[in-house]
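In what follows, a structure is listed as structure tokens, so that the remarks can point back to it.
The values are calculated or read from the model by the stated rules, or taken from the named source; none is laboratory data. Since we're looking at a predicted model, the values are computed, not measured. Reconstructed Cβ throughout: ideal geometry from the backbone, glycine too, with neighbour counts over all protein chains shown. We work out accessible area using only protein heavy atoms, side chains counted, and drop any ligands, DNA or RNA first. Shrake-Rupley method; radii C 1.70, N 1.55, O 1.52, S 1.80 Å.
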Amino acid sequence: MEPIIHHDSATKHVTGESVYINDMLANDQLLLGKVVFSKQAHANIKKLNIAKALKVKGVHAVLIAKDIPGENQMGPVIHDEKCLAEKEVVCIGQAIALIAAENEDALHEAEKKILIEYESLDVILDIETAIEKDNLLAPPRKIERGNVEEALGKSPHIIKGELKTNGQEHWYLETQTALAVPCEGKEMMIYASTQNPTETQAIVAEVMGISKNEVEVEVKRMGGGFGGKETQGNHVAAWAALLARATKRPVKIHLFRDDDQIMTGKRHRYLSKYEIGFDEQGKILAYKVELNADAGHATDLSMAILERATLHADNAYFLPDVQIIGKAWRTNLPSNTAYRGFGGPQGIAVIEMAIDRIARFLKKDAAEIRLLNFYKHDNNCHTPYGQKVEHNRLYTMYDKIIASSAYFNRKKEIEKFNCENEFVKRGIALTPVKFGISFTTSFLNQAGALINIYTDGTVLVNHGGTEMGQGLNTKILQIAMAELGLSPDKIKVNATNTSKVPNTSPTAASTGSDINGMAVKNAIDTIKSRLADVVIAEFEKTFSGVKTQNENIIYNNNFISDKLNPERKIEFIKIVQQAYLKQVSLSSTGFYKTPGIYFDREKGQGKPFYYFAYGMSVSEVEIDTLTGMYSLLRSDIIHDVGDSINEGIDIGQIEGGFVQGQGWVTTEELKWDKKGNLITHSPDTYKIPTVNDIPKDFRVELLKDVPNEGTILKSKAVGEPPFMLAFSVWLAIKDAVSAVGNHCEEPEFSLPATYEVILLSSEKLRAKQAVSSISKNSVY
Ligand code: MTE
Ligand code: MOS
């Protein structure tokens with residue numbers, strides 16, 4: 001039996017042994033940094049005076065834009081984001097000045113003494129206004145097949161609608177943090193909480209006006225990233241570096257929670273418009289959708305996120321004639337950014353809503369309408385962008401989850417319950433997810449590794465991925481164990497460091513273990529091929545008989561042996577020591593690039609994904625129509641992770657992703673006032689799910705016997721796909737609300753379905769019911 005390997009930090013987190021940046025004491029020279037940010041959403045800076053702040057006791061530096069030695073920018077893809085505002089501010093939360101001081105009191109004192117005078121300008125604070133003012137961020141994206149207008153024209157039924165999906169705050173437990181340590185000359189060492197050490201290195205180098213080989217970035221772990229540290233971890237690192245250089249002392253910036261919520265970008269809000277044509281059975285004939293994203297004030301990753309939204313507008317369904325348009329709009333809010341699912345959730349929400357409406361219109365079961373429209377195996381199996389849906393697990397999963405959740409029985413019970421209860425209603429929904437795995441920017445699908453074997457037989461694994469709680473380092477450890485046949489005590493996975501593995505991609509798009517795992521395997525294969533001669537020679541010296549063949553050498557249980565002659569075995573450490581004496585290199589880099597993927601953005605065609613991950617979920621909720629409160633009675637999930645590398649971690653990712661999605665679709669609500677101030681900027685006003693909100697009965701199952709050929713240990717990515725299973729909660733709530741009106745009327749609904757939405761929607765239905773003589777057609 002293989003030993004069960006727990007998450008790297010299972011004990012270290014709970015005992016407090018895990019080291020975060022805040023636990024690192026640079027030395028007694030350490031200064032604290034603070035960011036002074038704009039209090040206006042759009043304004044000219046008329047006056048900026050820091051003289052008084054500089055005089056505060058304990059303050060060592062106050063920096064503004066003119067103090068930046070390099071380029072004043074930190075946009076990751078497009079250089080449209082200032083490191084520090086110059087003449088104009090474009091959102092509340094935009095950095096204007098930086099302070100370094102010996103303690104927090106001095107920081108606050110100095111901040112108060114910085115004089116900023118603004119001249120207010122017009123603001124754009126929502127997508128509607130941005131559209132009205134034609135404030136488009138970049139040319140729209142389009143994916144198209146067939147003739148959607150013609151197909152809509154021929155459809156027996158058409159439903160039109162608009163769906164707003166709100167943003168989402170990342171709420172990583174560790175807010176944005178970085179520690180910059182100035183070294184010799186211009187050299188800078190950065191301890192960062194970033195998903196993208198290579199880009200942090202690049203941005204720091206650009207802002208400082210130095211070269212990349214003078215900047216070293218190290219990431220031990222993050223206290224959560226969830227996409228929020230894919231680009232925006234760069235910012236604090238650049239600010240800390242500027243202060244460190246100015247003071248010649250180590251400087252740490254650790255954002256206060258409320259500041260983090262105000263300053264950083266979030267999941268993009270979307271305003272989507274759709275038209276869906278279908279027949280009597282509920283088969284989709286045409287789908288036309290326009291996805292409008294609120295990008296915030298700068299580009300950041302908005303276009304890549306929009307691209308993934310358009311590539312997931314189909315979710316699991318074959319859409320014969322289809323047109324998908326994506327537009328990103330510039331507003332005066334912090335630049336929105338990656339968040340688990342990377343636009344996928346925004347695209348999928350619309351089609352799931354549309355299908356739910358089809359079912360209600362036809363008075364059919366929504367799960368059956370979904371089944372009817374799933375991608376098929378042999379024909380009707382190409383996505384709107386032309387990729388074939390291979391290894392389709394949707395049907396297997398559907399059969400399994402319908403049975404294991406007793407979907408149809410429970411549906412009947414719910415009907416009965418709803419007849420007997422006037423104010424408490426229940427609802428149920430099944431939703432699938434099909435999620436494409438790979439960066440859609442194809443060249444990013446590359447990874448590197450560096451393996452060192454030391455002469456005591458221990459191994460140090462360096463790779464380009466970062467650990468943010470998702471268990472990547474544990475999976476990498478297991479991959480190295482499997483490839484070298486070693487026990488876990490012989491292997492250490494190092495902190496990620498730009499000087500060990502260069503030019504890496506962010507740990508994102510759920511590809512962490514896929515690509516870094518393969519790079520690690522590649523490095524180990526190189527070393528093994530070098531060791532082969534040593535092994536064969538040692539076997540020949542030690543054992544009699546025919547020579548061992550290269551392909552029969554196996555690594556297992558800390559030994560190296562001959563598959564055909566198992567009695568021939570020598571300890572791993574012995575071979576390593578022999579190799580050293582024979583002057584064989586025991587260190588190797590590794591590299592991997594995902595094969596066969598490409599995407600033509602102009603045409604909206606290609607094979608952007610190496611494979612798809614599948615999942616399905618059934619949720620049942622209960623709502624109190626007098627208060628709007630809901631509770632999640634039960635959720636069943638079945639998910640496809642290929643051959644799981646670590647079941648504990650995979651189930652943890654599924655549960656965590658689902659619950660994070662549950663927060664997005666229910667209680668997490670971002671609200672801004674008329675001036676662009678985020679009103680929900682702390683945990684008392686922004687409600688993330690807690691242990692009280694998770695399903696009362698939570699059943700997560702991994703789909704068995706589904707090896708994913710062509711990936712590391714035949715596994716599948718798991719980080720993001722389960723997030724989107726939370727649509728079952730959202731639509732179960734809609735089902736319960738709909739029961740208020742006896743399922744005669746389409747309820748008003750949006751995302752998130754907060755208590756307020758549930759209450760108001762229920763009340764409207766009840767009022768309509770009272771009037772009762774309502775024209776059904778007017779709703780659609
Ligand atoms: N799980 C934890 N605990 N913390 C995180 O920050 N980020 C998610 C997901 N799961 C995250 C997480 C996101 S957005 C992604 S893209 C993946 O993990 C990244 O890691 P992977 O590629 O190794 O799955
Ligand atoms: Mo994840 S949103 O791709 O960092």
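Here are some notes:
- Entries in 12/229; 142/764; 363/603; 87/113 that, when Cα-Cα distance is taken, lie over 31 Å: 142/764; 363/603
- Here is what passes the span test in the chain: the DSSP H helices with alpha carbon length of 30 Å or more along the helix axis and a Kyte-Doolittle mean of -1.0 or above are 512-542.
- Separation between Cα centres of segment 521-580 and segment 189-254, rounded to whole Å: 43
- Rolling a 1.4 angstrom probe over the protein heavy atoms with all chains in place gives segment 643-698 an accessible area of 45 Å² per residue.
- Solvent-accessible heavy-atom area per residue, rounded to whole Å², over segment 324-378 at 1.4 Å: 23
- Taking all protein chains as they are arranged and a probe of 1.4 Å, the heavy atoms of residue 412 leave approximately 140 Å² accessible to solvent.
- Taking the DSSP bridge list for the chain and keeping only pairs wholly inside it, about 80 percent are antiparallel.
- Normalised contact order of segment 1-119, rounded percent, pairs of Cα under 8 Å and 6 or more residues apart: 38
- Whole-percent carbon and sulfur share, accessible surface of the chain, 1.4 Å: 51
- Basic side chains Lys and Arg get +1 at the Cβ, acidic Asp and Glu get -1 at the Cβ, and with that the dipole of segment 300-376 about its Cα centre reaches some 140 debye.
- Cα-centred dipole magnitude for the chain, charges only on beta-carbon of K, R (+1) and D, E (-1), debye, nearest 20: 500
- Across segment 82-212, C-alpha contacts under 8 Å between residues 6 or more apart give a mean separation that, scaled by the residue count, equals a relative contact order of 10 percent.
- Which of 508, 698, 64, positive extreme of dipole for the chain (C-beta unit charges): 64
- Residue-level accessible surface for residue 416, protein heavy atoms, 1.4 Å, Å²: 130
- Segment 681-736: Lys pairs at Cα distance under 21 angstrom, eight or more positions apart or on different chains: 5
- Per-residue ellipticity at 222 nm computed for the chain from its helices equals -9500 deg cm²/dmol, with DSSP H segments shorter than 4 residues left out and the rest contributing -39,500 (n - 2.57).
- DSSP bridge pairs, segment 256-358: antiparallel proportion in percent, nearest 5: 45
- Rounded to 5, percent antiparallel among DSSP beta bridges of segment 126-246: 55
- Note: relative contact order over segment 359-518, using C-alpha pairs below 8 Å and six or more positions apart, is 19 percent.
- Heavy-atom accessible area per residue - segment 476-549, 1.4 Å, Å²: 37
- Highest-first arrangement of 447-454, 213-220, where packing means the average Cβ count within 10 Å: 447-454, 213-220
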